[in-house]
Amino acid sequence: MNEKLIFTNLVGDAVDTLVAEAGAPRTFVLVDVNTAQYVLPVLTAQSKAVADATVITVKSGDINKNLDSLQTIWRSLHDAGATRSDIIICVGGGVVTDIGGFAAVTFKRGMRVINVPTTLLGAVDASVGGKTGINFNGCKNELGAFSEPLAAVISTGFFNTLPQQELLSGYAEMLKHALLESPEELAALMRYSVVYPIFDADRLLDLLRRSVATKQRIVEADFADRGTRRALNLGHTVGHAFEALAMKRHSPIPHGYAVAWGCVVALILSHLRLGFPSDTLHTFASYVHTNYGAFAFTCDDYPELIEYMRQDKKNDSPDRIAFTLLSAVGQPQINTVVEKSDIESAFDIYRDMTHS
């Protein structure tokens, strides 16, 4: 990875240094309507580069990570006469960094990007690793490209603007990384409380640094997502299906919540297929149920959920649904093909576990 990862609460200073080092003729700042209101004024006061930048604003929410928002960004860059020598600073959560990165890599065949994630989910997941993209035709991240940002400035300084749900959403990706890393990392995360008013920003920054290090290690080994990087898909095959069904119902769910629920289903499949320890499964499932609740669905939804999984971009064939599973915490098994009957059994068990 060539991306610089800077962990600091002096965000403005870090941004100004990066822009100066890059020697960009002009700077653009991409925000959504929420970060424009709550974060941009703070960052503008901290950073000369941000204060002098041209601001582009898109609608907030994953439902707006689409072609319409992408065209808004392209049109704004075009109208302002942007060149590939300029820089886009993406200030926001995963929606902003995903769509901003995709707009940048496709405009003039590539502008440079600095990510300033303002959500825990954006910090641990979307701003690191070079995945960019938008949703299309009802499917998550259907269009996109791999493109590393110049840097990501990661801070807990803006997290006090987040509702509790957003903190928990990001924490789910950290839990996923811990499942891939070690029992000790998982235990450390499950001991820490990301719930107000116990929220400890300094401690969280340390846990966040360690979590990002796990992702960075995996990405460096397989940047183009052809092999070992697919470990990071743990929980996402089912989680994305839950998100797609929720969007169809016109009741979107936070990505991190879907990942947490998807991880529980993945651990159930891991137990059924690979002998993942049942005590760890039940402990993790109980933690998720306590903090995230459960996704509501019935057996009538199984065919549609499975069809969404068949459309997952990670599958090599529409007839084969591939999962990342675990034989134990820290021991991922990628590209594990799971039959429809096993998925249905896992759904049955999940619903029994969360409604008992």
Taking Cα atoms, how many degrees apart are the long axis of helix 11-22 and the longest axis of the chain, rounded to 10 and kept between 0 and 90?
70 degrees
Given a 1.4 Å probe and the protein chains all in place, what does the accessible area of MET190 round to, in Å² to the nearest 10?
50 Å²
Where both partners of a DSSP beta bridge lie in the chain, what percent of those bridges are antiparallel, to the nearest 5?
35 percent
Could you work out how far the C-alpha centroid of segment 1-52 sits from that of segment 314-352, in angstrom?
40 Å
Between the Cα axis of helix 278-292 and the main Cα principal axis of the chain, the angle (0 to 90°, nearest 10) is 50 degrees
So how compact is segment 281-356: Cα radius of gyration and Dmax in angstrom?
13.6, 37
Relative to the present Cα-Cα distance, how much length would full extension add between LYS48 and ASP206 at 0.36 nm per residue of separation?
54.1 nm
What is the angle, in °, between the Cα long axis of helix 340-354 and the longest principal axis of the Cα atoms in the chain? Nearest 10 is fine, range 0 to 90.
90 degrees
List the relative contact order of segment 213-259 as a percent without decimals, with contacts defined as Cα pairs under 8 Å and 6+ residues apart.
28 percent
In segment 23-119, trypsin sites (Lys or Arg not before Pro) in a DSSP loop with at most 11 other beta-carbon atoms within 10 Å:
ARG84
For segment 212-356, what is the relative contact order in percent, using Cα pairs closer than 8 Å and at least 6 residues apart in sequence?
26 percent
Segment 45-170, Kirkwood Rh and Cα Rg, ratio Rg/Rh at 0.94
Rg and Dmax of segment 134-266, Cα atoms only, in Å:
15.4, 42
Tell me, what ³J(HN,Hα) does each residue in segment 154-167 have, in order and in whole Hz, if you take phi through Karplus 6.51 cos²θ - 1.76 cosθ + 1.60 with θ = phi - 60° and put x for Gly and Pro?
9, 9, 9, x, 9, 6, 6, 8, 8, x, 3, 4, 5, 4
For GLU220 and LYS4, extending 7 Å from Cα along the Cα-Cβ vector and measuring point to point gives, in nm, a value of 1.8 nm
Can you give the accessible area of VAL42, probe radius 1.4 Å, in Å² rounded to 10?
70 Å²
Output the direction-averaged projected area (hull surface divided by four) of the convex hull of the alpha-carbon atoms of segment 206-325, in nm².
8.6 nm²
At R0 = 51 Å the Cβ-Cβ FRET efficiency linking ASN160 and ASP319, nearest 0.05, sits at 0.60
Using a 1.4 Å probe on the protein heavy atoms only, what accessible surface does CYS299 show? Give it in Å² to the nearest 10.
80 Å²
From highest to lowest solvent-accessible area (probe 1.4 Å; ligands, DNA and RNA excluded), THR17, THR354 read THR17, THR354
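The values are calculated or read from the model by the stated rules, or taken from the named source; none is laboratory data. This structure is a prediction, so every number in the text was calculated from the model and none was measured. Note that each Cβ is placed from the backbone with ideal geometry, even for glycine, and that neighbours are counted across all protein chains shown. For the accessible areas, the whole protein counts, side chains as well, though only heavy atoms, and no ligand, DNA or RNA atoms are used. Shrake-Rupley method; radii C 1.70, N 1.55, O 1.52, S 1.80 Å.
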